[in-house]
Protein chains: 2
Amino acid sequence: MLRTHTCGDLRRTHVGQTVTLCGWVDKYRDHRGIVFIDLRDRYGKTQIKFNLSDDSDIQKTAWDLRYEDVVQVTGEVVERPADMTNPKLATGEIELRAKDLVVLNKSKTPPFEPEGQSLPNEELRLKYRFIDLRRPELQKAMIMRHKLTKATRDYFDSLGFLEVETPILGRSTPEGARDYLVPSRVHQGSFYALPQSPQLYKQLLMVGGLDRYVQIARCFRDEDLRADRQPEFTQIDVEMAFITREDLLQVIDGLVAAMTKAMRGIDIKLPLPRYTYNDVMERFGSDKPDLRFGMELVDIKDVAEKCEFGVFKQTIANGGRVRGINAKGAADKYSRRILDNDMKNLVADYGAKGIAYFKVTGGKLDSSIAKFFTEEQQQAIIAKLNGEEGDLLLFVADTNKVTSAALSALRSRLGRELQLYDPAEINVAWVLDFPLVTWNADENRWDAEHHPFCSVVPEDEQYFDTDPGRVRASSYDLICNGYEAASGSIRIHDPVMQQKVFDLLKINAEEAEKRFGFLLEALRYGAPPHGGIALGLDRWVMLYAGYDNIRDVIAFPKTQKASDLLTGAPSEVDTRQLRDLHIAISERK
Amino acid sequence: MLRTHTCGDLRRTHVGQTVTLCGWVDKYRDHRGIVFIDLRDRYGKTQIKFNLSDDSDIQKTAWDLRYEDVVQVTGEVVERPADMTNPKLATGEIELRAKDLVVLNKSKTPPFEPEGQSLPNEELRLKYRFIDLRRPELQKAMIMRHKLTKATRDYFDSLGFLEVETPILGRSTPEGARDYLVPSRVHQGSFYALPQSPQLYKQLLMVGGLDRYVQIARCFRDEDLRADRQPEFTQIDVEMAFITREDLLQVIDGLVAAMTKAMRGIDIKLPLPRYTYNDVMERFGSDKPDLRFGMELVDIKDVAEKCEFGVFKQTIANGGRVRGINAKGAADKYSRRILDNDMKNLVADYGAKGIAYFKVTGGKLDSSIAKFFTEEQQQAIIAKLNGEEGDLLLFVADTNKVTSAALSALRSRLGRELQLYDPAEINVAWVLDFPLVTWNADENRWDAEHHPFCSVVPEDEQYFDTDPGRVRASSYDLICNGYEAASGSIRIHDPVMQQKVFDLLKINAEEAEKRFGFLLEALRYGAPPHGGIALGLDRWVMLYAGYDNIRDVIAFPKTQKASDLLTGAPSEVDTRQLRDLHIAISERK
């Protein structure tokens, strides 16, 4: 190596040794002719000192050093005077007294400094990703990502799982998101598709007797990107044969424990809490509630239907719901303007026409609409929501769906603003028993809630023909801090049942055969009972790192326009390349 | 789990226990009304016995079992009579006396049996890959592949390498092979390219200070496929900063030792042997010789230029070479017909006009052309090639290039046919100091021997302008059993030097900026010295497994026409999908 130690290695025990370090010039300063530089690499920083008495060539070279130059320094490790130590730095008790200096590569003046005071806009950072990656925050993310995947692989290996690579050049079976397509040169007019997930391949592996499969798999979705999505993303993809749902949940409980141990060094309590879909929808209005705090939704139908407040009364009469939440101690936290504007706009995004709110003051409700509630009704509301002096009670009256969505959004905002949880906490739980299908009113048909390969909870098979909306899938999500962090199910292994589900989704036999024929065929030749799950790796790294930008945990991410600002992908290509692929670019409309 | 044990678990120590197994019906036979089945899963096989006295329902179900049905059997482990044990089976000392039988899934009659007597053609096996994967040979390959990647990751992790995922949706920078392209929906007329390797990204990671990178990376090449190539393949991709070539070689020596230990359980001797490119070309006529046997090429210029055999004499006079090999003891192994036809055709494929051959008989050369050589010349030839009674000496007279290629091919064939090595042996060695460039006579320019980012051996920089063909790259290949099994180099980290190489390759500044601008830019902002290597994972698994078909070590491989016979990829897609992507299929010519 061009170095004997890294910039994070040296301690007081090395004093007196002659060592060689390599790295980037992080800081430089000239103190009465003595040049100091901080030398940085992935492992840390070390202070280098060039004395006035040094060889004049070295001194001159040191004077010329600028940010981000790459140098090799040889020198003696010396102890810093007691008043000059830097407790923030692992190497802060020593410095290197330079004896030799080689400039390995000069740097142009960088557009920003990795450890500068202010971070430039993200576009510039993405264009100069090779500089951005030198920032300790991004290096930490890459290291955590490595450790998380290592811990994941070690865990599954210890349980006899095999990591199997499934194809990237696959077949287009569009459902949900758009496929990325790859034109075939050999087969004119035909296309490969990049996988949205290895779902079908992993089921085929189970039919193929591989028994326990895991893969840290790249997946692709050509969607209009939300802030936390990327066109290519990575999932921890798992499938097991001859299992019940309980087996899968236990294996993944163990994985979450192993991941948390690797990332945070703590032992979490197992089993992870389990909720049903109906549970969380009723209590939190969301299938992925943030469980770091309470503030559960409370139904006040009994009061609402009898009170004189028209909105409440009418809603109940129309078969709707009136539900509320208690923002403990927040009576004076929000102005009328914020409640009537900001909060109202927030719930409006979810279809709610308004919010009703009350402060608990002197044991009674204080609100412009309090007059519509009798003393008894007020006490009933306070009791139902465990209201105490200074609490703020907020209500939405609408359909079940709208009250859920609106109050869930309100709850998230209040939880964050009132700092009801430790942002660093990782709170993981299961949500079980999702509905198999949801009604798609636009298309006048049932859509799969997860995907068409989920099996049905056995006791609900009886409703399959008569009341499909009531049928629960044998499915499960892992939720973490308000995100869906994993999703899976026990699969259908019976080809007849699989066709029944396709029928329900109005995928007729011919279409099913065309799109999923190879899976149906596989189910006919001895498919074992099997099930699995997929965890969004990028999301988990982000959660453990405590970051809120998914691009900060990906080495070379793309923008929301799916561009790589560093390499300029996607780009125009040679006409010859397109000719070889038998395609042409359509005229611009 | 639906089972208490796997089909490979049970031993004599389990006798008396009641257990439940799940698996596929591998064999079934009815012996005087007693049904026996072999139950198979990934872990092994267990014999199940259904007695006549069993519950009649179970007995009837057992009678109806057929190949590849998936069943769950509960029963008691009993010892087999001494004369009925099966030493070939790990579970051969016991059998399961069935008490309960559940058919989990019936199978249609499979097109072939995973452990049938004869294997059907590969097309059928690829179409029914989910059955083929149940074959122990393929399961072994998947298990070895998993273990090899696990050992690789453990090794690099222990050395502080980070596994970093680089993009699959990248930028097209065509060189060598064709890129697979992915049309962009968001950016009309633009395309992503699937990476031929993560080369540029890993160099950018080094500029980004990641220091030590590894990735088991999927790569793509749209080439007309040779038998051992796949459109997508996997490489163990490595890059390190602040190193010399020696550091890299030592790290990879350790990797090969770790891999061999994991695959074969043996400790190999380190350091691995090192040869220069000139060495192996001179001694074996190939830059990837099979070193499991000797049979080195010998130059007989001294004799050839003086003998009366016109072909030899003329070749030397024209500046060509006469070189030969000694097939020990093979004098009587090949008929004249084979030597004059087969062998001649073989060398003709490499441009040679013929071969001259002699048998060593009675201390002299025996050949139709022996008369053109004096006694003294014959003795000189015998001495140079260490000829002994019964040896067959074969010579090719032509240019350096043709004699190398022809004799290398001849050597490979003879080595194999004469069984000069143990086919199971893994023989790994380094080849160093490849030429930086080779002359491309068709295009009248220099081509990069590896790729345009290789640095130059320092003492050869002096020839860069005057004699580029003489310049050695700081590059290295790992060769194994006649294959190139890895390839790498110390990279250029100086942007001026990088442009010099582009100039030599006639990639002008404008073109370089267009194709590799982001790399050149990165080199200008503090690129550390760095280098790396990439190992072909599929090839290594194949070598360790002792298989000769690369498709047998890939779960879902493609044919030589780049088709997936199982899923039918590539396939036609909806017109809507193409419209979204702003592309159209060109008219068939």
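Applying the condition of being of a type outside the set (Ser, Thr, Tyr) and open to solvent by 20 Å² or more (accessible area, probe 1.4 Å) to the range A:420-432 and asking which residue is farthest from A:Ala257 (Cα to Cα) yields A:Leu420.
The single residue among B:Gln235, B:Gln250 that is in a strand (DSSP E or B) and open to solvent by 10 Å² or more (accessible area, probe 1.4 Å) turns out to be B:Gln235. Scanning the range B:347-365 for residues being touching a helix residue (DSSP H, G or I) at 6+ places or on another chain (Cβ under 7 Å) and either of a type in the set (Ser, Thr, Tyr) or assigned to a helix (DSSP H, G or I) (or both) gives a total of 3. The set of residues from the range A:129-142 being among the acidic types (Asp, Glu) and touching a residue at least 40 places away in the same chain (Cβ under 8 Å) comprises just one member, A:Glu137. The residue of the range B:350-371 that is most open to solvent (accessible area, probe 1.4 Å), among those that are of a type in the set (Lys, Arg) and touching a strand residue (DSSP E or B) at 6+ places or on another chain (Cβ under 8 Å), is B:Lys353. No other residue among A:Phe191, A:Phe220 is closer than 25 Å to A:Ala151 by Cα, at pLDDT 95 or above and at the interface with chain B (Cβ under 10 Å from one of its Cβ atoms) apart from A:Phe220. The requirement of being within 14 Å of chain B (Cβ to nearest Cβ) and closer than 14 Å to A:Gly488 by Cβ is fulfilled somewhere in the range A:251-267, by at least one residue.
Filtered by the rule that a residue be surrounded by fewer than 17 Cβ atoms within 10 Å (Cβ to Cβ) and modelled with pLDDT of 95 or more, the range B:9-34 gives B:Arg11, B:Arg12, B:Thr13, B:Val15, B:Gly16, B:Gln17, B:Thr18.
None of A:Ile300, A:Ile316, A:Ile325 is of a type outside the set (Gly, Ala, Ser) and within 34 Å of the chain's Cα centre (by Cα) except A:Ile325. Within the range A:554-573, residues that are without any contact (Cβ under 8 Å) to a residue 12 or more places away in the chain and within 7 Å of chain B (Cβ to nearest Cβ) sit with their Cβ atoms under 6 Å from residues that are outside any loop (DSSP other than H, G, I, E, B) and not β-branched (Val, Ile, Thr), at 6+ positions apart or across chains, in these pairs: A:Thr567/B:Phe518; A:Ala569/B:Gly170; A:Ala569/B:Tyr192; A:Pro570/B:Phe191; A:Pro570/B:Tyr192; A:Val573/B:Phe191.
Being within 22 Å of the chain's Cα centre (by Cα), of a type in the set (S, T, N, Q) and open to solvent by 10 Å² or more (accessible area, probe 1.4 Å) holds for only one residue in A:Ser474, A:Ser487, and it is A:Ser487. Taken over the range A:94-128, the residue count meeting the criterion of being open to solvent by less than 80 Å² (accessible area, probe 1.4 Å) and either without any contact (Cβ under 8 Å) to a residue 40 or more places away in the chain or among the charged types (D, E, K, R) (or both) is 14. For the range B:200-231, the set of residues classified as open to solvent by 20 Å² or more (accessible area, probe 1.4 Å), assigned to a strand (DSSP E or B) and either more than 19 Å from B:Ile252 (Cα to Cα) or of a type in the set (S, T, N, Q) (or both) consists of B:Arg218 only. If you go through the range B:223-232 and pick out every residue that is within 10 Å of another protein chain (Cβ to nearest Cβ) and in contact (Cβ under 8 Å) with a residue 40 or more places away in the chain, you end up with 5. Looking at the range A:372-396, which of its residues are over 14 Å from A:Asp302 (Cβ atoms), open to solvent by 40 Å² or more (accessible area, probe 1.4 Å) and among the hydrophobic types (A, V, I, L, M, F, W, C)? Across the range A:372-396, the qualifying residue is only A:Phe372. The selection criterion, being more than 7 Å from chain B (Cβ to nearest Cβ) and at pLDDT 95 or above, holds for A:Pro198. Annotation note: of A:Val501, A:Val437, A:Val496, the sole residue that is within 30 Å of B:Pro110 (Cα to Cα) and buried (at least 21 other Cβ atoms within 10 Å of the Cβ) is A:Val501.
Assess whether B:Leu535 counts as being buried (at least 23 other Cβ atoms within 10 Å of the Cβ) and within 11 Å of chain A (Cβ to nearest Cβ). No; evaluated as a whole, the condition is false for this residue. Can A:Asn481 be described as polar (S, T, N, Q), outside the structural domain of A:Gly208 (by TED's automatic domain parsing) and either open to solvent by less than 40 Å² (accessible area, probe 1.4 Å) or under 17 Å from the mean Cα position of the chain (by Cα) (or both)? When the stated conditions are applied, A:Asn481 passes them.
In the set (1) more than 7 Å from chain A (Cβ to nearest Cβ); (2) within 22 Å of B:Ala512 (Cα to Cα); (3) open to solvent by less than 10 Å² (accessible area, probe 1.4 Å); (4) not small (Gly, Ala, Ser), B:Leu181 fails one condition alone, (1). Here B:His5 passes the criteria (1) within 14 Å of chain A (Cβ to nearest Cβ); (2) in a strand (DSSP E or B); (3) crowded, with 17+ Cβ neighbours inside 10 Å except the one numbered (2).
In the range A:128-172, the qualifying residues are those that are more than 7 Å from chain B (Cβ to nearest Cβ) and of a type in the set (Gly, Ala, Ser), and the one that is farthest from B:Val214 (Cα to Cα) is A:Gly160. Screening the candidates A:Ala241, A:Ala217 for the property of being within 30 Å of B:Ile131 (Cα to Cα) and touching a His at 6+ places or on another chain (Cβ under 6 Å) yields one hit, A:Ala241.
The single condition among (1) facing another protein chain (nearest Cβ under 8 Å); (2) within 19 Å of B:Leu519 (Cα to Cα); (3) open to solvent by 10 Å² or more (accessible area, probe 1.4 Å) that B:Phe242 does not satisfy is (3). So in the range B:318-339, with the set limited to residues that are open to solvent by 80 Å² or more (accessible area, probe 1.4 Å) and part of a helix (DSSP H, G or I), which one is nearest to B:Leu385 (Cα to Cα)? By that ranking, first place goes to B:Arg336. Given the structure, is A:Glu375 charged (D, E, K, R) and in contact (Cβ under 8 Å) with a residue 12 or more places away in the chain? Spelling it out, it is not the case that A:Glu375 is charged (D, E, K, R) and in contact (Cβ under 8 Å) with a residue 12 or more places away in the chain. Considered as a group, the residues in the range A:515-529 that are more than 9 Å from chain B (Cβ to nearest Cβ) and out of contact with any Leu (no Cβ under 9 Å at 6 or more places or on another chain) include one that is surrounded by the most Cβ atoms within 10 Å (Cβ to Cβ), and that residue is A:Arg515. Are any of the residues in the range B:441-460 open to solvent by 30 Å² or more (accessible area, probe 1.4 Å), more than 26 Å from B:Pro289 (Cα to Cα) and in a helix (DSSP H, G or I)? Yes, because at least one residue in the range B:441-460 is open to solvent by 30 Å² or more (accessible area, probe 1.4 Å), more than 26 Å from B:Pro289 (Cα to Cα) and in a helix (DSSP H, G or I). It is to be established whether one or more residues within the range B:183-192 are hydrophobic (A, V, I, L, M, F, W, C) and within 27 Å of the chain's Cα centre (by Cα). No, the range B:183-192 has no match at all.
The values are calculated or read from the model by the stated rules, or taken from the named source; none is laboratory data. Bear in mind that the values here come from a model prediction, so they are computed numbers and not experimental data. Note: ideal-geometry Cβ built from the backbone for every residue, glycine included; neighbour counts use all protein chains shown. Note: accessible area is taken over every heavy atom of the protein model, side chains too, but ligands, DNA and RNA are not part of it. Shrake-Rupley method; radii C 1.70, N 1.55, O 1.52, S 1.80 Å.
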